[in-house]
Amino acid sequence: RLIEELGKPSDKRSEDTEGRLRDKLTLLNNQLKSLNQELQDKFPKLAAIITPKPLKASDVQSLLQANEALVKYVINKDESFLWVIRKDGITFKKLDLTRSEVEDLVSALRKGLDPSGIQHLSQLKDRPFDTTKSHTLYNRLFAPAQEALGGIDHVMLVLDGALQSLPFGVLVSEEPANITKLSDYRGVSWLANKYALTTLPSVSSLKSLRVYAKLSGAQDPFIGFGDPALIEQEESEVPKRGKTAIDLFTRGPIADATSIHALGSLPDTADELRSIAKSLGADDGSLYLKEQATETIVKDAPLSGAKVLAFATHGLLAGEIQGLAEPGLVLSPPDKGTERDDGYLTASEVAQLELNADWVILSACNTAAPDGTPGAEGLTGLAKAFFYAGTRSLLVSHWPVLSDAATALTTGMFREMKDKSVGRAQALKRSMKTFMNT
């Protein structure tokens with residue numbers, strides 16, 4: 001308002017109005033400063049998430065193990081930069097890579113990984129993954145870091161721009177052979193075969209995780225929600241954990257139960273959750289399936305008592321649904337939806353949950369996607385909501401996932417974690433490799 005007042009012609013400006021606005025602006029700035037300080041004093045952990053402060057490189061080094069490295073990217077319009085920080089050294093390099101080049105390469109690679117519109121597995125051969133472009137991106141983006149990663153097996157990535165929508169495991173580290181059939185992908189030198197990979201929202205989040213976020217004191221090993229009570233899908237259709245649902249919210253902000261039901265059932269998610277529960281030593285009482293997988297039960301259940309929490313269901317993107325600009329998770333809808341329970345758990349509802357989980361598994365589509373605001377970065381939608389609710393780590397997806405693949409990856413991951421020396425990222429890497437070789 002002050003800028004608007006100052007922009008008026010001189011004969012229409014008012015010194016009194018400008019003075020009042022300046023005074024009000026000063027007052028508001030002082031109030032904000034006071035509130036920020038109060039947050040910092042009373043709730044330092046929350047303040048560290050909301051307004052992360054830069055860390056010195058030496059502080060980052062002190063938080064790393066000998067087998068770990070943090071790789072940080074900054075992608076600018078005309079040039080890009082790379083930092084590799086490990087316990088015993090720091091490397092900084094300028095990359096010959098522009099923002100538009102990164103966006104073009106990431107977009108091309110995602111097209112070969114997104115099964116949207118695929119109804120039969122035979123159709124996959126018509127949508128090949130471009131291993132040549134993946135190798136090109138590897139050479140220009142990750143190869144400059146390789147020399148500094150000797151002896152490292154766990155890489156933590158802090159990504160920028162379009163890179164946030166591509167898991168680095170799909171980068172190809174060696175010149176790929178010609179792909180003539182789907183099984184040829186097994187022999188590709190995926191980066192996922194070389195490193196356990198973790199994505200961090202920011203460099204400072206490493207301190208939040210390793211200093212502030214102590215292991216959960218929760219007593220229950222696991223709680224899982226899945227297999228919502230929806231209409232059975234036809235046998236000919238490849239089940240996916242999400243579909244476009246344009247008419248889901250045609251009745252305003254409360255979801256339409258008929259449209260929710262039409263998304264289709266996901267019966268294998270029940271087997272997925274049972275397998276995870278068994279791996280973690282939890283009984284069937286930890287599972288909420290079918291008619292029990294409702295918003296009401298999610299909001300009323302003692303979720304803060306669970307060390308690991310999982311949702312295996314449909315996930316929908318912000319803007320994918322008419323009438324609501326929030327991403328969310330589909331649950332069993334009531335006969336008639338209400339604001340408290342309409343079968344669609346939105347990001348803002350997730351943020352109000354009270355969690356104390358070491359790990360949340362979002363075995364649904366697009367759960368790493370942005371919140372829908374223009375230019376939003378990755379991990380700003382459901383992921384950020386779960387962080388605010390009290391989650392330390394997340395397993396999320398970057399596109400619509402085939403249901404049987406999601407089940408195989410998560411159950412395999414927890415089998416690997418029976419070996420207590422295996423961390424989450426390493427377990428996922430091993431599960432990927434096992435699944436790839438079957």
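Points to keep in mind about this one:
- Selection status of ALA427, open to solvent by less than 20 Å² (accessible area, probe 1.4 Å), modelled with pLDDT of 90 or more and outside any loop (DSSP other than H, G, I, E, B): yes
- The conditions of being within 24 Å of SER208 (Cα to Cα), open to solvent by 50 Å² or more (accessible area, probe 1.4 Å) and either of a type in the set (A, V, I, L, M) or over 12 Å from the mean Cα position of the chain (by Cα) (or both) are not met by LYS433.
- Count of segment 145-188 residues which are open to solvent by 60 Å² or more (accessible area, probe 1.4 Å), in a helix (DSSP H, G or I) and among the hydrophobic types (A, V, I, L, M, F, W, C): 1
- Residue within segment 341-360 that is within 26 Å of GLU232 (Cα to Cα), at pLDDT 85 or above and touching a Ser or Thr at 6+ places or on another chain (Cβ under 7 Å) present: yes
- The sole residue among ALA310, ALA357, ALA270, ALA293 that is open to solvent by less than 10 Å² (accessible area, probe 1.4 Å), under 29 Å from PRO167 (Cβ atoms) and assigned to a helix (DSSP H, G or I) is ALA270.
- Residue that is surrounded by the fewest Cβ atoms within 10 Å (Cβ to Cβ) [pool: residues in segment 119-141 that are closer than 26 Å to ARG99 by Cβ and among the hydroxyl-bearing types (Ser, Thr, Tyr)]: THR132
- Qualifying positions in segment 288-333 - modelled with pLDDT under 90 and over 17 Å from ALA364 (Cβ atoms): GLN322, GLY323, ALA325
- Tally, over segment 150-168, of residues that are more than 24 Å from THR98 (Cβ to Cβ) and in contact (Cβ under 8 Å) with a residue 60 or more places away in the chain: 5
- The residue list GLY378, GLY372 contains one member that is surrounded by fewer than 24 Cβ atoms within 10 Å (Cβ to Cβ), in contact with a His (Cβ under 9 Å, 6 or more places away or on another chain) and at pLDDT below 80, which is GLY378.
- Residue check for LEU197: open to solvent by less than 10 Å² (accessible area, probe 1.4 Å) and either under 19 Å from the mean Cα position of the chain (by Cα) or under 18 Å from ALA108 (Cα atoms) (or both): no
- For segment 1-117, the strands (runs of 3 or more DSSP E) that sit wholly inside it and include 3 or more residues that are open to solvent by 70 Å² or more (accessible area, probe 1.4 Å) are 89-95.
- Matching residues in segment 388-424 - criterion: being open to solvent by 20 Å² or more (accessible area, probe 1.4 Å) and among the hydrophobic types (A, V, I, L, M, F, W, C): LEU394, LEU395, VAL396, TRP399, VAL401, LEU402, ALA405, ALA408, LEU409, MET417
- Counting the residues of segment 390-424 that are small (Gly, Ala, Ser) and part of a loop (DSSP other than H, G, I, E, B) gives 5.
- For segment 191-246, the candidate set comprises residues that are part of a helix (DSSP H, G or I) and farther than 26 Å from SER279 by Cα; within that set, the residue that is modelled with the highest pLDDT is LEU191.
- The residues of segment 255-287 that are under 23 Å from the mean Cα position of the chain (by Cα) and of a type in the set (Ser, Thr, Tyr), listed by number, are THR269, SER275.
- Selection of first residues in segment 325-354 that are in contact (Cβ under 8 Å) with a residue 24 or more places away in the chain and in a loop (DSSP other than H, G, I, E, B) and of second residues that are among the β-branched types (Val, Ile, Thr) and open to solvent by less than 30 Å² (accessible area, probe 1.4 Å), restricted to Cβ pairs under 6 Å at least 6 apart or on distinct chains, gives the following pairs, ordered by first then second residue: GLU326/THR346; LEU331/THR294; SER332/THR294; PRO333/ILE260; GLY343/ILE260.
The values are calculated or read from the model by the stated rules, or taken from the named source; none is laboratory data. As the structure is a computational prediction, the values presented were derived from the model and not from experiment. As a convention, Cβ positions derive from the backbone with ideal geometry for all residues, glycine included, and neighbour counts pool all protein chains shown. Accessible surface is based on the protein model in full, side chains and every heavy atom, while ligands, DNA and RNA are left aside. Shrake-Rupley method; radii C 1.70, N 1.55, O 1.52, S 1.80 Å.
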